[in-house]
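Notes to accompany the following structure.
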Amino acid sequence: MNIQNFEKQKTFAPFLGEPLLHIVGQDPLGLLNTGGKTFDLLLPGLNNVTDRIRYYSFYCWFFHSYAKYVGKPSKKDQFDHLRRAEFILSLLAAKNGVQGIGGITKALEIYNTSQETFDLTIGTGEEKKEKDGTYWKNPRGIFGQNYVSSLKQLFIITDQDENSGCFVRTKFEVDEKISGYQLALAFEENIGSDIAKLFVDVMIKGIVSQADLETLSEPFNMLQIPLNTNEHQLIWNLITGNDEPKQEKITLFRKRTIQLLLKKVTQSDETFFDYRLTFDAYHQKGKIEENYDETLSLWYFYQLEQFWHMACTGSLSSFLKLLDKESNGNWIDEEELIDSIANQVEEYFIEENYIDESQPLKELKIIDFLEEDIVEDSKKSNDNIEKIALNILLIKKLIHNNEDEIYRLLQITNSHGLNSSSSFVSSISSLKNSEELSIKYFVRYFLKKYVVVRHQWVSLKKMNDTQTTEKFVREDGLIRFIDDVDYAYSSPRLHTLINFLHELQIINDDRNDLTVKGVELFETLTA
């Protein structure tokens with residue numbers, strides 16, 4: 001950051017006299033929580049960083065083996081051993097030239113020293129209080145940062161007790177529910193008892209040799225679960241079973257999502273991408289032929305809220321750029337700036353033949369472009385007035401294309417506790433009531449309510465004694481630029497599910513078709 005930008009980003013905390021540090025922050029309009037909650041409902045047990053499905057059975061086996069061979073009920077001791085175990089996997093990936101395994105950078109650094117034996121604690125930083133410079137900065141390892149919540153949600157691991165900070169694999173016998181004990185035994189069955197004992201011995205000693213790595217290499221392939229094994233079947237049953245086994249209510253949104261996703265894969269020769277399912281769910285309005293599907297309807301809601309986020313946050317980004325340009329780092333009149341933007345947006349629509357003259361929003365012509373195409377055009381444009389105009393066009397299209405579905409979506413989303421006051425389905429009534437406003441006055445209304453005031457409210461909620469995420473400061477009718485924002489779709493994390501299905505050898509390497517095993521398992525979902 002240069003000095004000029006730094007000076008722009010100093011604001012003094014009220015009553016304290018100390019400058020607040022302006023941080024980038026995320027979600028400047030608070031519109032992404034709805035999508036996150038929807039994802040958590042539809043794909044519980046997955047997230048954006050649970051990269052490898054075999055880690056689910058590996059961690060169950062680790063906690064099973066830790067209790068069996070070590071058994072010390074100490075948080076530090078358990079996580080010291082866990083970090084050693086994870087680092088062994090990192091070294092195996094380094095040996096085999098495999099990417100996509102956590103800790104690979106540090107593992108390559110150590111493995112490339114070509115020693116005959118490696119001290120695991122050098123990679124794990126066991127005696128360091130701070131874990132910077134180790135294979136994984138989080139003291140609870142990859143497990144603690146990426147996997148613990150998902151595995152607990154699936155009830156294959158649980159807390160040893162309320163205050164210990166230690167974990168155990170679960171053990172129960174309930175029909176159609178998978179326990180951590182079952183997965184631990186199935187994992188050990190695949191690697192073999194002798195290999196399992198070698199891994200545990202290496203982990204306990206903290207020293208691994210080149211010969212050990214050679215022996216462990218194939219059994220501990222974390223990129224693929226062997227076909228036609230108990231481990232494979234149990235993992236498949238786990239992700240297609242009850243969404244949250246601890247809950248008495250049975251929900252199968254994850255299973256239905258897998259079924260819908262696999263069907264999409266069979267319908268196209270293209271490599272599957274994150275939004276193919278959500279875009280289609282949106283355009284189908286959650287319907288399959290003429291029938292509403294609850295899971296697809298929730299993905300429809302997810303994508304609708306993503307378009308709303310892109311329209312609003314994209315407008316905030318353009319507004320900030322225009323503010324920065326017009327103010328030249330100084331305070332300027334807020335109303336005059338918004339009036340100027342609104343006038344230019346209306347002129348844009350007249351010049352581009354969307355309206356003939358100054359007319360209400362309801363008269364704005366609906367174009368044939370899909371919503372995702374409008375978002376793409378807005379992102380590509382270098383003209384901030386055009387970008388805001390395209391976002392207004394997107395909002396008009398969202399109102400027009402979805403108003404008949406809002407009551408149904410409100411019923412579904414409210415029943416699952418997904419909706420919020422900031423969501424599109426909650427905002428559409430006010431937006432539609434404002435369609436009688438001229439384009440110019442609708443732009444003023446939209447920028448004030450959904451961009452400027454909304455961002456100020458969200459940033460104030462996030463502010464603490466030392467940090468703020470606000471991108472402008474308002475005072476006595478004036479406004480001053482602080483920083484810009486970046487924005488993008490929030491990933492529906494379907495790539496995580498696709499990777500899981502690939503590692504289960506259900507989807508082929510090109511992610512564009514089912515394998516023979518995939519066809520077999522897909523048919524069980526439709527039976």
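The values are calculated or read from the model by the stated rules, or taken from the named source; none is laboratory data. Fair warning: this is a prediction, and the values are worked out from it, not measured in the lab. For neighbour counting, all protein chains shown are included, and Cβ atoms are generated from backbone atoms with ideal geometry for every residue, glycine included. Please note that ligands, DNA and RNA were not included when accessible areas were found on the heavy atoms of the full protein model with its side chains. Shrake-Rupley method; radii C 1.70, N 1.55, O 1.52, S 1.80 Å.
Cβ under 10 Å from L320's Cβ, L320 left aside: what net charge do those residues give with Lys, Arg +1 and Asp, Glu -1?
Here the charged neighbours net out to 0.
Report the net charge of residues surrounding K137, where surrounding means a beta-carbon distance below 12 angstrom and charges are Lys +1, Arg +1, Asp -1, Glu -1.
+3
Between region 315-336 and region 188-250, what is the C-alpha centre distance in whole Å?
A separation of 56 Å, based on Cα centres.
What is the P(r) of region 398-457, as percent of Cα-Cα pairs per 5 Å bin from 0?
For region 398-457, the binned pair fractions read 4, 16, 24, 23, 16, 12, 4, 1 percent.
How big is the C-alpha Rg of region 114-180 next to the rule-of-thumb value 2.2 N^0.38 Å, as a ratio?
1.48
Which order do peptides 318-331, 385-398 fall in by mean Cβ count within 10 Å, highest first?
Details: 318-331: 16.6, 385-398: 23.6.
Result, highest mean Cβ count within 10 Å first: 385-398, 318-331.
Roughly speaking, what is the stretch gain from D132 to E289, that is 0.36 nm per residue apart minus the C-alpha to C-alpha distance, in nm to one decimal?
Net length gain for the segment: 51.1 nm.
Could you give the DSSP H helices of the chain that reach 30 angstrom or more along their long axis (alpha carbon positions) and whose average Kyte-Doolittle hydropathy is no lower than 0.0?
In the chain, no H run is both long and hydrophobic enough.
So, counting K/R as plus one and D/E as minus one, what does the shell of residues with Cβ under 10 Å around L277 add up to?
Local net charge: +1.
Would you mind calculating the gained length between D119 and K432 on full extension (0.36 nm times residue separation, minus the Cα-Cα distance), in nm to one decimal?
Values: separation 313, 0.36 × 313 = 112.68 nm, distance 6.57 nm.
Here the answer is 106.1 nm.
Please work out, to two decimal places, the log10 of the ratio I(q)/I(0) at q = 0.13 Å⁻¹ from a Debye calculation in which every Cα of the chain carries one identical scatterer.
-1.24
Residues of region 433-458 with amide nitrogen under 18 Å from the 7 Å Cα-to-Cβ point of S340?
The answer is 440-441, 443-445, 447-448, 452.
Would you compute, from DSSP H runs of 4+ residues alone, the mean residue ellipticity of the chain at 222 nm, taking -39500 (n - 2.57) per run and dividing by the full residue count, rounded to the nearest 500?
-16000 deg cm²/dmol
Loop only by DSSP, 14 or fewer other Cβ within 10 Å of the Cβ. Give me the GluC sites (Glu not before Pro) in region 434-515 that pass, ordered by residue number.
Loop-located and lightly packed - E436.
Send over a whole-number figure in Å² for the accessible area per residue of the chain, probe 1.4 Å.
46 Å²
Mind ordering 310-316, 335-341, 121-127 by average Cβ neighbours within 10 Å, highest first? Could you put the intermediate results ahead of the total?
Working: 310-316: 25.7, 335-341: 17.0, 121-127: 19.0.
Ranked from most to least packed, the peptides come out as 310-316, 121-127, 335-341.
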